[in-house]
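Notes to accompany the following structure.
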Amino acid sequence: MSLDIDRINQQLLIFAKEVRVAFDNKDYLLAKDILESKVLKLAPNVPLALSDLAFAESKLGNHLTAYNHLMKAIQVSGIQVNSAIYDELVSVTQKLHRYEESRYYAKLSLKVKKEEVSKEKVTIFPIPSMAPPGLSHDKSKNLICYSLFGQLPRYCETAVINSRIALQIYPEWTCRFYVDDSVPKNIIQRLEANGAQIVYVTEEQKKISGLFWRFFVFDDKDVQCFIIRDADSLLSYKEKAAVDEWLSSGKWFHIMRDAYEHSELILAGMWGGYAGVLKNMEELVTKHFSNLSILNKTIDQVFLRKIIWPTVSQSVIVHDNYMLEPNSLCYPDYPISEIEKIPYFHVGMIDSGIKTVKFYLDKAYIGHVKWFLQDEDGNEVCSYVSLSKQYSDDYIVEVNLPYHYSLRIAENQWHFSYQLIHEN
């Protein structure tokens, strides 16, 4: 019997990897087929397999079908429902416009995550007995920290914008970007021109997912205060008001949530703290990363949940208008700027995810294209290299650009020009 169970588990592990590859390639039909014809045929009552099937169905637009799979996943889970199932329910119920239900499952997810974490054996660092020091008078010691890698404008251009608007929104702070050589040199120059610090990660640090690099600020003895942010999410006056309230709270750490789907203990790009509490961050990250069997876009948040939350939770203020936790605070009043006027704005929103822009090539060409975006006066706004694609008889370049860029392009104020890069 045990040999049969081992064989089934090994087969399920192989299928799970196939599903993960399909998800990574955004081939949701293939993922659905593997789950239905292989995984659930072999083991029909595996809760997380049902949750994965729900994810695939939702991506295919079948939200009610996804919801029913998740209800079955809860039913077969018994008394211990995995928090990932609740997270998927939050997403699906939002797409069904059942927002009260979304909030219900988001609160359940946070509750279960706390229960899951309480069973982990991790080092909990003590909170200092004295009050935190507040902002340094030296703005180079108050850091807004980002990871930045690759050359996609979704990340690089939004990073440049953040380095510029931080001068107005966060005048007492300095942006710091942890980067590698994959970031184009002209992006580095533009960041530095806006006063940002650039830290190139070491060869050893490069072995760790770039999602974690921004956490290395903990090990910098010259830093007093830091906030961690996502490169593709714009800074805002809304979050600045929350940060200021945290700084005057006497708490050592700060967490923000601003959507039902923010049902995580610590969102990787929406938290901050003071130096001197958490120790040996690079060592903690390296150990955690080396034990991962599956890499995805949430591995940094799982690390924060399992390893960092137990320490942070001892002295933290949480801002969350949805009150997913009972002790959360609503965001303080803040001035409305053009950023807060962006449709569906919330703290942590992916700015370039709202609109995708494209331009057409005047000849048949599949390959790299160096393109230039110019404003109404012919001045260069930005320049990147992207791959062209063929759609029917057209050859196009499709890119994610910041929202305000896409508006000006749609209004024919800004225009593209390009050069084909012919490869040998």
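Each reported figure results from applying straightforward, stated rules to the coordinates on display, with no laboratory input. Bear in mind the structure is a predicted one, so any value in this text is a computation, not a measurement. Virtual Cβ from ideal backbone geometry, glycine too; neighbours counted across all protein chains shown.
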Fill in the blank from the handout: The answer for GluC sites (Glu not before Pro) in the range 372-424 that fall in a DSSP coil and have at most 10 neighbouring Cβ atoms within 10 Å is Glu411, Glu423
Practice task
Calculate how large, on average over all directions, the projected area of the Cα convex hull of the chain is; give the answer in nm² to one decimal.
Solution key: 24.0
Problem - Span from the the range 1-76 Cα centroid across to the the range 385-422 one, whole angstrom - result: 37
Fill in the blank from the handout: Projected onto their principal axes, the Cα atoms of the range 248-328 stretch, largest extent first, over whole-Å spans of 36, 30, 16
Practice task
Output the Cα-based Rg and Dmax of the range 356-420 in Å, rounding Rg to one decimal and Dmax to a whole number.
Solution key: 11.5, 34
Completion exercise
Per the Cα gyration tensor, the range 87-126 corresponds to an equivalent ellipsoid with semi-axes, largest first in Å, of 29, 8, 7
Handout entry: Rg in Å to one decimal, and Dmax rounded to a whole Å, for the range 151-292 via C-alpha atoms
Key = 15.2, 41
Completion exercise
Simple spin-label estimate for Lys287/Ala43, 7 Å along Cα→Cβ, in nm, reads 2.9
Completion exercise
Distance in nm between Glu340 and His97 label points, each 7 Å along Cα→Cβ, equals 2.7
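Could you work out how much longer the chain between Gln374 and Tyr391 gets when fully extended? Use 0.36 nm per residue separation minus the Cα distance between them, nm to one decimal.
Length gained between Gln374 and Tyr391: 3.6 nm.
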Handout entry: Under the Debye formula (equal points on every Cα, no solvent term), log10 I(q)/I(0) of the range 1-119 at q = 0.11, 0.15, 0.19 Å⁻¹
Key = -0.38, -0.70, -1.04
Handout entry: Pairs from Lys59/Lys306; Lys207/Lys287; Lys95/Lys306; Lys139/Lys240; Lys240/Lys279; Lys185/Lys370 whose Cα-Cα separation, in the structure shown, is over 20 Å
Key = Lys59/Lys306; Lys95/Lys306; Lys240/Lys279
Problem - Taking the C-alpha atoms of the range 102-192, convex hull volume expressed per residue in Å³ - result: 206
Exercise for the section: Starting from the range 2-91, pick out the trypsin sites (Lys or Arg not before Pro) whose DSSP state is loop and whose Cβ has at most 13 other Cβ atoms within 10 Å. Expected result: Lys26
